[in-house]
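What follows is a set of notes on a single structure, which appears directly below.
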Amino acid sequence: MTLAEEKLSNKEKSDSNTEVKVDKDKKAEEIRKILPKEPAKVSAPEQQDEMFEKVLKINRTSKVTKGGKKIGFSALVVVGDRKGHVGYGFGKANEVADAIKKGLNDARKTMFSIVLKGSTIPHETIGVYGAGRVLLKPAGEGTGVIAGGATRAMCDAAGIRDILTKCLGSNNPFNIVKATATGFKDLKDKNEVRDSDSRRTENE
C-alpha cells in the first residue's frame, strides 16, 4: 500500500469516527429533552425554615346506624418550626385527607414555645398525662435523639437534636404526645428558676 492510500484510509476512518460522535451527541440531546428536569436543590438553611409536619397515627372508626356502617377516620399530627415551637393536633373526618388537614390546622393553633439550651433541653423533667409518663433528659452534643415514635416526632419538630428519653407508662401515642408536651412546658431556664427562688424567699 502506498503512502497516499494509507493517508486516504486514515482520513476515511477519522471521518467515520466523527460521524459516530455526532450521532451519539444528537441521541444524548434527544434523551435529555425527553427526561424530566431535575428539581432545584434547596440549601440547608431553606430546608430548616420549612415547617415540620408528621402524621403519627391514623385510626379507622365505624359506627353502626340504621342505614349501615358509617366509616370515619381520625388522625394525630405533630407540627413544629424546628426553632423551639411545637404543637400537636387531632382531626376527625370521613376521609383520611380531610382528617389530616383538620389535625394540621388544630396543631398550628395549639403551638407553644419551649426552652432550649443549645441543641438539647436545660434540665431533666418527667411529663405526665393520664397513664402516659415520659422521662426527658438533656444529652451532650452529638448524642442524637434517643427516642421512638411520638416522642421523637415532638423532639424533631421542636428542633431538639440531642436528648435522652424513656417512656415509663402507657404506649398509647395520644398519651405519649400529650405527656411529652407537658414535659416541654415544664422546662425552665436559669432566670425563671432564680425569679421563683427569690419569690419564695420574699414570701418566707
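The values are calculated or read from the model by the stated rules, or taken from the named source; none is laboratory data. Everything numeric here is computed off the predicted structure, so don't read it as measured data. We place every Cβ from the backbone using ideal geometry, glycine too, and count neighbours over all the protein chains shown. Accessible surface is based on the protein model in full, side chains and every heavy atom, while ligands, DNA and RNA are left aside. Shrake-Rupley method; radii C 1.70, N 1.55, O 1.52, S 1.80 Å.
Ignoring ligands and nucleic acids, what accessible area does Y88 show with a 1.4 Å probe (Å², nearest 10)?
60
Taking 30 Å as R0, compute the FRET efficiency from the Cβ-Cβ separation of K69 and N172 and round it to 0.05.
FRET efficiency, K69 to N172: 0.75.
Could you pull the accessible area for C167 with a 1.4 Å probe, rounded to 10 Å²?
Only protein atoms counted, so the area is about 50 Å².
Which pairs, out of K69/K178; K57/K188; K166/K188, put more than 25 Å between their alpha-carbon atoms?
Details: K69/K178 31 Å; K57/K188 30 Å; K166/K188 20 Å.
Flagged as over cut-off: K69/K178; K57/K188.
With no solvent and one point on each alpha carbon, what is the Debye value of log10 I(q)/I(0) for region 127-192 at q = 0.12, 0.23, 0.24 Å⁻¹?
Treating every Cα as an identical point scatterer, log10 I(q)/I(0) equals -0.27, -0.93, -1.00.
Quick one: order K190, K54, K102 from most to least accessible surface, probe 1.4 Å.
My answer, sorted largest first, is K190, K102, K54.
Quick one: accessible surface of S74, probe radius 1.4 Å, all protein chains present, in square angstrom to the nearest 10.
Approximately 10 Å² of S74 is accessible to the 1.4 Å probe.
Leaving ligands and nucleic acids out of the surface, order L187, L135 by accessible area at 1.4 Å, largest first.
L135, L187
Can you list the HN-Hα couplings for region 109-115, worked out from phi with the Karplus curve (6.51, -1.76, 1.60; θ = phi - 60°), rounded to whole Hz and with x for Gly and Pro?
6, 9, 5, 9, 9, 10, 8
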